[in-house]
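Following: one structure in structure tokens, then a few remarks.
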Amino acid sequence: MAIITVTIGLPTGVRLLAANSERSAAAYAEAVVYATPRSALPVPLSVSCADPGVRNRLTTYLLDLQQECLRVPAPRRNASGALG
């Protein structure tokens, strides 16, 4: 079981995520990227893990995800802030 940390630089400060699996690390980081305003993307990030394959896959995936978010319009939110 690998210990993976993802550090994401946000306009409001640094977010440090830790996970025991590649899938969990990706899911946690995705949630942060999706919640980040489009105007702040791309944000700096780094992935730390003893397994270089995991580190490279996650880094590439999260950088690609940010680029994809920039190409897609932001979801519309109603007055309560909910999607819809």
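The values are calculated or read from the model by the stated rules, or taken from the named source; none is laboratory data. Small disclaimer: the values here were computed from a predicted structure and weren't measured. With ligands, DNA and RNA removed, areas are computed over all heavy atoms of the protein, side chains included. Shrake-Rupley method; radii C 1.70, N 1.55, O 1.52, S 1.80 Å.
If ligands, DNA and RNA are left out, what is the accessible area of GLU30 with a 1.4 Å probe, given in Å² to the nearest 10?
Looks like 50 Å² after rounding.
Take every Cα pair under 8 Å in region 23-71 that's 6+ residues apart, average their separations, divide by the length, and report that relative contact order as a whole percent.
This gives 49 percent for region 23-71.
If ARG55, ARG71, ARG23 are ordered by their accessible area, calculated over protein heavy atoms with a 1.4 Å probe, which sequence runs from highest to lowest?
Details: ARG55 80, ARG71 170, ARG23 200 Å².
Heavy-atom accessible area, descending, gives ARG23, ARG71, ARG55.
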